[in-house]
Amino acid sequence: MIEILQNMQLIAPVFLFLSLILPLIFFFFYSSLFNKKEAAPTKQTVTIPKSYPLIGSYLALKRTGNRRIQWLSDIVQISPANTFTFQRPLGHIQVFTGNPSNVEHILKTRFSNYQKGYSVISTLSDFLGAGIFNADGNTWKFQRQVASHEFNTKSLRKFVEQVVDAELSHHLIPIMSSAAQQDQTLDFQDILQRFAFDNICKIAFGFDANYLTPSVERSKFAVAYEEASEIISKRLRELFPLVWKVKRALNIGSEKRLRMAAREVHEFAKNIVREKTRELKEKEFLESADMLSRFLSSGHSDEDFVTDIVISFILAGKDTTSAALTWFFWLLSKNPRVEKEIVNEILDKSEAPVYDEVKHMVYTHAALCESMRLYPPVPMDSKEAVEDDVLPDGTVVKKGTLVTYHVYAMGRLESIWGEDWAEFKPERWLEKLESGKWKFVPKDSFTYPVFQAGPRICLGKDMAFMQMQSMVAGILRRFAVVPTLAEGVEPNFISFLSSQMEGGFPVKIIQRETSN
């Protein structure tokens, strides 16, 4: 009898825990499966969300549906010092900020105290491993040094230029010409995503995915990469991580698909690594100029290391440029004056402008910056506090707290951009010289952290602008991109690992008379 009582004392805490946690698990599963769509709050009705025991402000966030980014942005804009603390389920908290002083604090001043953190790294590791975008400390530092050396070489810039030009002339331009001739409607977002994927695969691996070519069956690698990216991004958005962790443990649903897709991606990547490693042993050098060949040729032969870092770079280049250009072409369609300025600038250059010409397309560069101010490819980014801290605006940050700087919100702050912040106005990035020419005037990276800032600032920033400006020149010289959305319909900005236009971007392609 005594032994039974002792056993009951031992298992009582377990029963108590289960009695508390199981109803909560059921609540989250139920709300995610059977949640009735409610009207999302408008900006006029936005207030700091109420918090309740155990579930925090989950209900308020759930009601926002696919307008989570905009809702959080609205709260940042109405909050004192543009910072507020969000109560997550089970007592976890997350700080959201649009304050440039706070951004500089977490990305530079106290860089060592704000890391990717265990929460983010463990969420992404099944897909990204220990790649540069999913690493902290010495692991990140070493990869950064290796990648930084390669990104600063003229030969890589030249290789990227050649890849972009080839993809434009052999694939994208013919597809758009055909669409113009046949009066066909294209999902331009999908076209740009496929173009970017083919581009980055060639740059990273030297592999032609042929994702853009309509007549070619999509490779298993491309399909698997798309699926893994989408599922892993939904993990990040999950307010109650136990949901996906249970599914992973049971190997069911989306987690089963993620495991299969991630395996396909990694096996494919490792096979390419092995092929190039064998080639290197036989020839003593690799003729290809892609990033993988460069890493292997410089002595970095660890299979897992080069696989993870290259997969990370594909993720970075896959959707960010396509996201930026999708919204760029949408904004041009609403601002014909800006489009005319850009077309005039393009027509002043040669038909196939080289890098030295592209980099002097100042007005186009400013218009791209302005577009990404309003619609950043990565609208939010989070860091985890290693130790207790206090932000410059006085916000207290406890160890383990996620601190998120809201890039989308920062592009909409009147305190930064003035009363006309809602206008698409490339001139806010320009200064008129006495000669009558424009001079580009960059913004402080902590005010405009579209490419991050501080030690983690994007290594591929210049490469991204070169690709985007080359694409804009190649497209707008020949075509006008005309959205087919109904009059007055505004597309919805959503985000997974990078931003997207919900439902795609249907357009007609119109041949320009000047291109004849």
(message) Taking just the alpha carbons, could you work out the radius of gyration and Dmax for the chain, both in angstroms?
(response) 24.4, 98
(request) On a C-alpha basis, how far is the centre of the stretch 177-192 from the centre of the stretch 238-304 in Å? Whole number, if you could? (result) 33
(message) Could you give the length gained by full extension between R259 and S297, i.e. 0.36 nm per residue of separation minus their alpha carbon distance, to one decimal place?
(response) 10.6 nm
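Would you tally the net charge around F505, using a Cβ to Cβ cut-off of less than 14 Å, leaving F505 out, and scoring K and R as +1, D and E as -1? Mind dumping the intermediate values first?
On the way: positive: R194, K334, K508; negative: D187, D190, D319, E490, E502.
Summing Lys/Arg as +1 and Asp/Glu as -1 gives -2.
Tally the DSSP beta bridges in the stretch 50-511 and give the antiparallel ones as a percent, rounded to 5. Let's see the in-between values first.
Details: 29 of 34 bridges.
Antiparallel bridges make up about 85 percent of those DSSP assigns within the stretch 50-511.
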(message) At a threshold of 8 angstrom on Cα-Cα distance, excluding pairs fewer than six apart, so keeping six or more, what relative contact order does the stretch 50-511 reach in percent?
(response) 24
(request) In whole Hz, with x marking every Gly and Pro, tabulate ³J(HN,Hα) for the stretch 486-501 from phi via Karplus 6.51 cos²θ - 1.76 cosθ + 1.60, θ = phi - 60°. (result) 4, 4, x, 7, 9, x, 8, 8, 10, 8, 10, 6, 9, 6, 8, 9
(message) Need one number: nm distance between label points at S177 and E267, each 7 Å from Cα along Cα→Cβ, rounded to one decimal.
(response) 4.0
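Would you mind getting the accessible area per residue of the stretch 411-457, heavy atoms of the protein chains only, 1.4 Å probe, in Å²?
On the way: 2590 Å² over 47 residues.
Heavy-atom accessible area per residue stands at 55 Å².
So which of K234/K508; K247/K398; K256/K318; K281/K359 end up more than 27 Å apart, counting from Cα to Cα?
K234/K508; K247/K398; K281/K359
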(message) Which GluC sites (Glu not before Pro) in the stretch 420-489 sit in a loop by DSSP (not H, G, I, E or B) and have at most 14 other Cβ atoms within 10 Å of their own Cβ?
(response) E423, E434, E487
(request) Note the angle between two axes, namely the Cα long axis of helix 154-167 and the longest principal axis of the Cα atoms of the chain, as a number of degrees from 0 to 90, rounded to the nearest 10. (result) 80
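If you filter the stretch 267-310 for GluC sites (Glu not before Pro), then keep DSSP loop positions with at most 10 other Cβ within 10 Å, what is left?
Numbers: sites: E267, E275, E279, E282, E284, E287, E303; in loops: E284, E287.
Taking the stretch 267-310 and a limit of 10 other Cβ atoms within 10 Å, the loop GluC sites (Glu not before Pro) found are E284, E287.
If I stretch the segment between R337 and S125 completely, what's the gain in nm (0.36 nm per residue apart, minus their alpha carbon distance), one decimal?
Numbers: separation 212, 0.36 × 212 = 76.32 nm, distance 4.57 nm.
Contour length minus Cα-Cα distance gives 71.7 nm.
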(request) Extending each Cα 7 Å along its Cβ direction at V441 and V246, get the distance between those two points in nm, one decimal. (result) 5.6
(request) Count neighbours as other Cβ atoms within 10 Å of each site's Cβ, and list the trypsin sites (Lys or Arg not before Pro) in the stretch 353-454 that are DSSP loop with at most 13 such neighbours. (result) K398, K399, K437
(message) At 0.36 nm per residue, and after removing the present C-alpha to C-alpha distance, how many nm does the segment from R512 to V489 gain when stretched out fully?
(response) 5.7 nm
(message) How tilted is helix 188-204 with respect to the longest principal axis of the chain? Cα atoms for both, answer in degrees (0 to 90, nearest 10).
(response) 90
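Probe radius 1.4 Å, ligands and nucleic acids left out: which of V489, V362 has the largest accessible area, and how do the rest follow? Each step should come with its number before you reach the end.
Numbers: V489 70, V362 30 Å².
Solvent-accessible surface, decreasing: V489, V362.
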(message) For the chain, take the longest principal axis of its alpha carbons; what is the angle in degrees between that and the long axis of helix 303-318, to the nearest 10 within 0 to 90?
(response) 70
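About the Cα centre of the stretch 50-511, what is the dipole size in debye to 20, counting +1 per Lys and Arg Cβ and -1 per Asp and Glu Cβ, all else neutral?
Numbers: 57 positive and 58 negative charges, 232 e Å.
Using only the charged Cβ atoms, the result is roughly 1120 debye.
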(request) With a point put 7 Å past each Cα toward its Cβ, work out how far Q184 is from E357 in nm, to one decimal. (result) 2.8
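Tell me, what % of the accessible area of the stretch 50-511 is carbon and sulfur with a 1.4 angstrom probe?
Ligands and nucleic acids excluded, carbon and sulfur reach 51 percent.
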(request) Return the calculated 222 nm mean residue ellipticity for the chain, to the nearest 500 deg cm²/dmol, obtained by summing -39500 (n - 2.57) across DSSP H runs with n ≥ 4 and dividing by the residue count. (result) -16500 deg cm²/dmol
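Counting heavy atoms of the protein chains only and a 1.4 Å probe, report the per residue accessible area for the stretch 120-219 as a whole number of Å².
Details: 4250 Å² over 100 residues.
Each residue of the stretch 120-219 exposes 43 Å² on average to a 1.4 Å probe.
The values are calculated or read from the model by the stated rules, or taken from the named source; none is laboratory data. Note that the structure is predicted; figures quoted are calculated from it, not measured. Every residue, glycine among them, receives a Cβ derived from its backbone with ideal geometry; neighbour counts consider all protein chains shown. With ligands, DNA and RNA removed, areas are computed over all heavy atoms of the protein, side chains included. Shrake-Rupley method; radii C 1.70, N 1.55, O 1.52, S 1.80 Å.
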